[in-house]
Amino acid sequence: MEFSFQKNVISYFLVCFLCFTQFSSISCEKKVSLTLYYESLCPYCSNFIVNYLPKIFKNGLIDIVDLKLVPWGNTKLQPDNTFKCQHGKAECFLDIVEACAIDAWPDLNEHFPFIYCVESLVYHKNYTQWETCFEKLNLKKKLVTDCVLSGRGKELELQYAAETNALQPPHKYVPWVVVDGQPLYDDYMDFISFICKAYKGTAPVPSCSSSINVFKIGRKFNPFCLKQTAMSKLSTVSSAISSWLNRAKLTAPA
C-alpha cells in the first residue's frame, strides 16, 4: 500500500516536471472539449466538417481542443435495433464506416483525415467513391471493412445512439456542436469563439487573439438538418425563418 502511494506521488511530480521543462505549457493544461454530433449525408454537416472544422488545426488551436466526432445525428433506432437514417440506407452505411474508422484509428490525427476525405466526397456529391480515401491516405482498408462486416460497426453506432439520445438538452438538429458541455445551437459556425471563451489556460493561443474570432452572434442564419424526418419544404422554410427571427430578436406583428 505504501509502495503504491509512493509510486503515485513520484508519477505526479514526474508529470509536473515534464510540463515545466520538456513540453509546452499548453500541453499540460486542461483542454476544451469540442464534440460534433452529425450524420454523414447531411449537407450542412459535410460543409461544416470540410470548410470549418479544419480550422482547429491552424495556429495552435488543436493544442487546447479535445475533439470528438459522433456519427449518429438524427438517425432513429427502431424497436428491433435496426437504424432508420434521415438520408436513407447509404447514410446508415457511411455512418458505420466512419464509426469504424474512429475505432480503427483512435488518434484524431489518423481518423480525422479519413472522415474529412469521405465528407469531402459527400460535399461534392460523389460519396459513392468513399473507398478511394484509403488509397489517398495510405490507410489499411481491411481494418474498416472488417469492422463493418463483422457487426462491430453496428455496436459502435448503438453506443453513439445512446450518447446522442442522452444529450441534455436534447439535440434538435445536426450539426449539433457542443463546447465544454454547452450546445452552440445555430451559432455552431462561431465555434472557435466559444472555444476561446471556454479556454481557461494561461498560455497564449494565436487563434484566440485574432480579431476574426470576436463574437458575432446573430450575424446570420446557419443551416442545419432538422431532427424531424417527415417535414415538408414549406415547414422547413418556416422553421428557418422563425429561427432567424429569434436570433435577430425580432417579433412578428400581432
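Only one of (1) out of contact with any strand residue (DSSP E or B) (no Cβ under 9 Å at 6 or more places or on another chain); (2) hydroxyl-bearing (S, T, Y); (3) closer than 19 Å to F224 by Cα fails for S150. Which number is that? The single condition S150 does not satisfy is (3). The combined condition, being open to solvent by 30 Å² or more (accessible area, probe 1.4 Å), hydroxyl-bearing (S, T, Y) and out of contact with any Lys or Arg (no Cβ under 7 Å at 6 or more places or on another chain), is fulfilled by Y52.
Scanning region 124-147 for residues being of a type outside the set (S, T, N, Q) and either buried (at least 18 other Cβ atoms within 10 Å of the Cβ) or at positive phi (or both) gives a total of 8.
Considering only residues in region 188-210 that are open to solvent by less than 40 Å² (accessible area, probe 1.4 Å), in contact (Cβ under 8 Å) with a residue 60 or more places away in the chain and touching a Ser or Thr at 6+ places or on another chain (Cβ under 9 Å), the one that is farthest from L67 (Cα to Cα) turns out to be A203. Scanning region 164-176 for residues that are touching a residue at least 60 places away in the same chain (Cβ under 8 Å) and loosely packed, with under 14 Cβ neighbours inside 10 Å returns a single hit, N165.
What about Y185, is it at pLDDT 90 or above, hydroxyl-bearing (S, T, Y) and in contact with a helix residue (DSSP H, G or I) (Cβ under 7 Å, 6 or more places away or on another chain)? No. Criterion applied to I102, I64 was being touching a His at 6+ places or on another chain (Cβ under 6 Å), modelled with pLDDT of 95 or more and within 25 Å of L167 (Cα to Cα), and the one residue passing it is I102. The single condition among (1) at pLDDT 50 or above; (2) in a helix (DSSP H, G or I) that F3 does not satisfy is (1). Sub-6 Å Cβ pairs linking a first residue in region 123-139 that is in contact (Cβ under 8 Å) with a residue 40 or more places away in the chain to a second residue that is outside any loop (DSSP other than H, G, I, E, B), at least 6 apart or interchain, are Y123/S46; Y123/V50; Y127/L121, ordered by first then second residue. Which one of these is over 19 Å from the mean Cα position of the chain (by Cα) and not aliphatic (A, V, I, L, M): D95, D103, D80, D107? None of the others qualify; the one that does is D80.
The values are calculated or read from the model by the stated rules, or taken from the named source; none is laboratory data. Bear in mind the structure is a predicted one, so any value in this text is a computation, not a measurement. Quick reminder, even Gly has a Cβ in these numbers, built from the backbone with ideal geometry, and neighbours come from all protein chains shown. When the accessible area is computed, the model is the full protein with side chains, heavy atoms only, and any ligands, DNA or RNA have been set aside. Shrake-Rupley method; radii C 1.70, N 1.55, O 1.52, S 1.80 Å.
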